[in-house]
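Heads up, the thing below is written out as structure tokens.
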Amino acid sequence: MDHSKAPVLEALAAYHAEGQTPFTPPGHKQGRGADPRVREVLGDAVFRSDVLATSGLDDRRSSRGVLEQAQALMADAVGAEHTFFSTCGSSLSVKSAMLSVAGPHEKLLVGRDAHKSVVSGLILSGIRPVWVAPQWDPERHLAHPPSAEAFEAAFAEHPDAKGALVTTPTPYGTCSDLAAIARVCHRRGRPLIVDEAWGAHLPFHPDLPAWAMDAGADVCVTSVHKMGSGLEQGSVFHLQGDLIDPEVLKSREDLLGTTSPSVLLYAALDGWRRQMVEHGRALYDDALAVAASLRTRIAGIDGMHVHGRDDFCGPGRAADMDPLQIIVDITALGTTGYRAADWLREHHHINLHLSDHRRISAQLTHADDEHAARTLLTALRDVAAHADELRPAEQVEVPDPQDLRLEQVLLPRDAYFGPTEQVPWEKAVGRVTAEMLTPYPPGIPAALPGERLNADVVRYLRTGVDAGMVVPDAADTDVKSVRVVAEDT
């Protein structure tokens, strides 16, 4: 295939060159109707390229197959058999994948470190989750993806499960042994879904972790806006093998997706694929070199420990890690990641990727260079020099792994849509939650609908919020009260 082509971008250029006049949405009519104050901030080019996908970018009756060509090129670029573009983010893509594997009341093995979008898929679908425990590092209070052995044990206990879903890389950059998990699934003729939202870049450099299609996964969901050059919400999902019908997967996406997709998002996905095929290897040569140098320099700052393979990889931990996710433990500074991240934003206008009770992280991509690295390094040295201003920090009471694991009492759908009540947090212990309670980032629910709350998880969330944790999906974001399933009277 000719990867110098970019069908969506070329069709958009042709649309402009032909001087077409739309009597269709979008109502701003290529920016003519947009408020000049809005155009001043967003720019005219955004509106000019925001056109209708059908009866606009492509013809209504005799389609030139612009999107189909772009998707075929993407599939070829990464070695998949089929690729579908999504303009609703991987949150939609992963739901589509789940619905193509299991239906209401059917079982799906799911790593318990799944993103909240997976839980949303369970709520919408009525799928019965069989939770597979992550690998817990008790020293660092950090979860890595579940092992192949854990999935093997779950299938042995639930042989009627329709498939499995694993999240890798995690937001901390740690990766599972996907090839081994795929073998566990395929021995039973069951498909493997991989939520690889943080792995768009993995196919394009040999020194990065193996990506899902190469490891034998059946469906892979990728957020190109996270680690690639896509616009926000730009996502793709890839398919291979014969365990999932591509027509079924497309139908599920059509069921959930918008009927008004953004050509802007399509065009960015198309252009990113061309960029990666033509220049990806060189771009990631540079990015990996910047990351390696930055890791060494941050490690030289007093009070900062940069997590590497020795910390994250090995028996009982992750199988691999993405070196572009720079995770820094600041326990020795005597403060929390929440406070450090807030200080860096206030004093240096730096937005970090992730913060928790003891860590901060910086996400690097092919867009980062030595100037960006120096900017981050200066800011980190400054926060270390001012650590006394961030002490004492509120303590987050992080439970042991056995206390983090909650009993699933009801299907997520049944708990979410059933009768509920709001109770004070002290009275929520022992009750079945009817909402997701998700520290964000990274967006992994500490409790989800249908799980019975215990004192440890409730205290973790309450002390976490007091320390700076954000729980945006709770009805009461301060977690001073919790939405629970109403008890029979």
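The values are calculated or read from the model by the stated rules, or taken from the named source; none is laboratory data. Bear in mind that the values here come from a model prediction, so they are computed numbers and not experimental data. Virtual Cβ from ideal backbone geometry, glycine too; neighbours counted across all protein chains shown. When the accessible area is computed, the model is the full protein with side chains, heavy atoms only, and any ligands, DNA or RNA have been set aside. Shrake-Rupley method; radii C 1.70, N 1.55, O 1.52, S 1.80 Å.
Sort out for me the strands (runs of 3 or more DSSP E) sitting completely within region 117-168 that have 2 or more residues that are more than 18 Å from D218 (Cα to Cα) and within 22 Å of the chain's Cα centre (by Cα).
Ranges flagged: 128-132, 135-137, 142-144.
Restricting to region 312-326, name every residue that is touching a residue at least 24 places away in the same chain (Cβ under 8 Å) and either surrounded by fewer than 23 Cβ atoms within 10 Å (Cβ to Cβ) or under 22 Å from T365 (Cβ atoms) (or both). So that I can check it myself, show each step before the final result.
Filtering region 312-326 for residues touching a residue at least 24 places away in the same chain (Cβ under 8 Å) gives 312-313, 316-326.
Correct list: F312, C313, G316, R317, A318, D320, M321, D322, P323, L324, Q325, I326.
For region 412-428, give me each residue that is of a type in the set (A, V, I, L, M) and out of contact with any Leu (no Cβ under 8 Å at 6 or more places or on another chain).
First, pick out the residues of region 412-428 that are of a type in the set (A, V, I, L, M): 415, 423, 428.
Passing the criteria: A415, V423.
Determine which member of the set R309, R252, R274 is more than 22 Å from A367 (Cβ to Cβ), basic (K, R) and modelled with pLDDT of 95 or more.
Result: R309 is the single residue among R309, R252, R274 that is more than 22 Å from A367 (Cβ to Cβ), basic (K, R) and modelled with pLDDT of 95 or more.
Given the residues T438, T489, T420, T463, which is the only one that is of a type in the set (S, T, N, Q), at pLDDT below 95 and out of contact with any helix residue (DSSP H, G or I) (no Cβ under 8 Å at 6 or more places or on another chain)?
Exactly one residue qualifies, and that residue is T489.
May I ask you to list the residues in region 248-273 that are open to solvent by 30 Å² or more (accessible area, probe 1.4 Å) and under 16 Å from A75 (Cα atoms)?
The answer is K250, and nothing else.
Inside region 262-310, can you point out the residues that are among the small types (G, A, S), without any contact (Cβ under 8 Å) to a residue 24 or more places away in the chain and in a helix (DSSP H, G or I)?
Within region 262-310, A282, A289, A299 meet the criteria.
So which residues in region 423-474 are among the aliphatic types (A, V, I, L, M), buried (at least 19 other Cβ atoms within 10 Å of the Cβ) and in a loop (DSSP other than H, G, I, E, B), if there are any at all?
A428, A434, M436, I444, A446, L448, L453, M469, V471, A474 - these are the residues of region 423-474 that are among the aliphatic types (A, V, I, L, M), buried (at least 19 other Cβ atoms within 10 Å of the Cβ) and in a loop (DSSP other than H, G, I, E, B).
Got a sec? Which of S91, S100 is assigned to a helix (DSSP H, G or I) and modelled with pLDDT under 95?
Answer to the selection: S91.
Taking the options L202, L109, L178, L124, name whichever one is aliphatic (A, V, I, L, M), closer than 29 Å to G257 by Cβ and touching a His at 6+ places or on another chain (Cβ under 8 Å).
The unique qualifying residue is L109.
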